Amino acid sequence: MIFVAIVLAILAAAFVFYVKNKGITVRWYEWILGALGIALLYFAILNFNGGLFEETTRAAWLYLIVMGIPALVLLAVPALLIIRRK
């Protein structure tokens, strides 16, 4: 599971460097929404893998849907706010 955390950290760092290099302004609440989205996505992936490990595939997929979709929404909202502000 450390692999998932490393990939998410690399993607977050790449996003920060991209924002700094392009001069895009990001408000404080967009950072918070993005961090909550990443944390929720990480939590959903961990529980999905745990459910598959315990061989409860239906529960694993249901948990991924229930927690993964709000995570994607929390990641999409700040992205759309930043795009619209430009």
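Read-outs throughout are calculated quantities, based only on the coordinates presented, and are distinct from any laboratory measurement. None of these values were measured; they are calculated from a predicted model. FYI the Cβ positions are ideal-geometry reconstructions off the backbone, even for glycines, and counts take in every protein chain you see.
Of all residues in region 40-86, those that are surrounded by 13 or more Cβ atoms within 10 Å (Cβ to Cβ), β-branched (Val, Ile, Thr) and in contact (Cβ under 8 Å) with a residue 24 or more places away in the chain total 3.
Of the candidates Glu30, Glu55, the single residue that is of a type in the set (D, E, K, R) and assigned to a helix (DSSP H, G or I) is Glu30.
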